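Enquirer: Below you will find the structure I want to go over with you.
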Amino acid sequence: MKRLWISRGINILLGLVITYQLVSYWQRTQSAKEIEGKTLQPVQLTDLKGSAVTLPTTRERHALVFWASWCGPCKIDLYRINAAVDRGEIKRSQITAVALEEDVDTVTETVAERGYEFPVVVDREGLLARQLNIPATPTVALLEGNQVKQMSVGVSVVLTSWLKGFLAAE
């Protein structure tokens with residue numbers, strides 16, 4: 001009898017956790033959909049050499065990948081993007097990784113350890129992230145010029161295909 005109650009308790013707990021995760025995912029994706037079509041105002045961020053960089057640029061199609069050095073899912077997505085850049089499937093210049101609210105030294109060390117081949121900037125105060133209402137990392141925003149065309153929140157199994165499809169249309 002005691003095992004039955006434990007089993008039911010575990011099932012209820014698992015059901016609650018799964019429900020919470022689904023609701024949380026739905027809220028993040030709804031937030032991303034509300035941003036699509038928005039025109040971004042340029043903001044000054046810092047590159048890894050400490051120089052000012054203005055984003056978004058006037059490039060036609062570009063991907064901004066919002067991440068953090070401590071974020072495990074970010075490491076997975078950035079590894080896959082880096083591999084696609086290494087294979088020549090995505091141009092290095094079409095990706096900018098935006099580290100959120102971290103110091104330049106931490107980000108520089110992380111980038112060196114992981115060997116990222118694309119530009120990385122630091123949004124120390126979260127200026128660009130606030131414009132996009134970034135709910136979590138990793139978040140990928142696909143831009144055409146300074147307009148958000150699509151956004152994805154969280155790890156995506158189709159990330160590199162999605163990026164290649166969008167960026168190749170340039």
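Enquirer: Mind listing just one residue for me: the one in the range 55-95 that is assigned to a helix (DSSP H, G or I) and polar (S, T, N, Q) and, of those, nearest to PHE166 (Cα to Cα)?
Expert: Here the residue is GLN94.
Enquirer: Can you find a residue in the range 88-97 that is modelled with pLDDT of 95 or more, within 14 Å of the chain's Cα centre (by Cα) and closer than 15 Å to CYS71 by Cα?
Expert: Yes, that holds for at least one residue.
Enquirer: Of the residues that sit in the range 35-45 and are modelled with pLDDT of 90 or more and in contact with a helix residue (DSSP H, G or I) (Cβ under 6 Å, 6 or more places away or on another chain), which one is most open to solvent (accessible area, probe 1.4 Å)?
Expert: Only one residue tops the list, namely VAL43.
Enquirer: Given the conditions (1) open to solvent by 20 Å² or more (accessible area, probe 1.4 Å); (2) farther than 14 Å from THR160 by Cα; (3) in contact with a Phe, Trp or Tyr (Cβ under 7 Å, 6 or more places away or on another chain), which single one is not true for VAL98?
Expert: (1)
Enquirer: Could you list, in sequence order, the residues of the range 104-156 that are free of Cβ contacts under 8 Å to residues at least 60 places away in the same chain and either farther than 22 Å from ALA52 by Cα or in a loop (DSSP other than H, G, I, E, B) (or both)?
Expert: Within the range 104-156, GLU113, ARG114, GLY115, TYR116, GLU117, PHE118, GLU125, GLY126 meet the criteria.
The values are calculated or read from the model by the stated rules, or taken from the named source; none is laboratory data. In this text, all values refer to a predicted model and were calculated from it rather than measured experimentally. A quick note on method: Cβ atoms are made from the backbone with ideal geometry, for glycine too, and the neighbour counts reach across all protein chains shown. All accessible areas refer to the heavy atoms of the entire protein, side chains included, with ligands and DNA or RNA removed. Shrake-Rupley method; radii C 1.70, N 1.55, O 1.52, S 1.80 Å.
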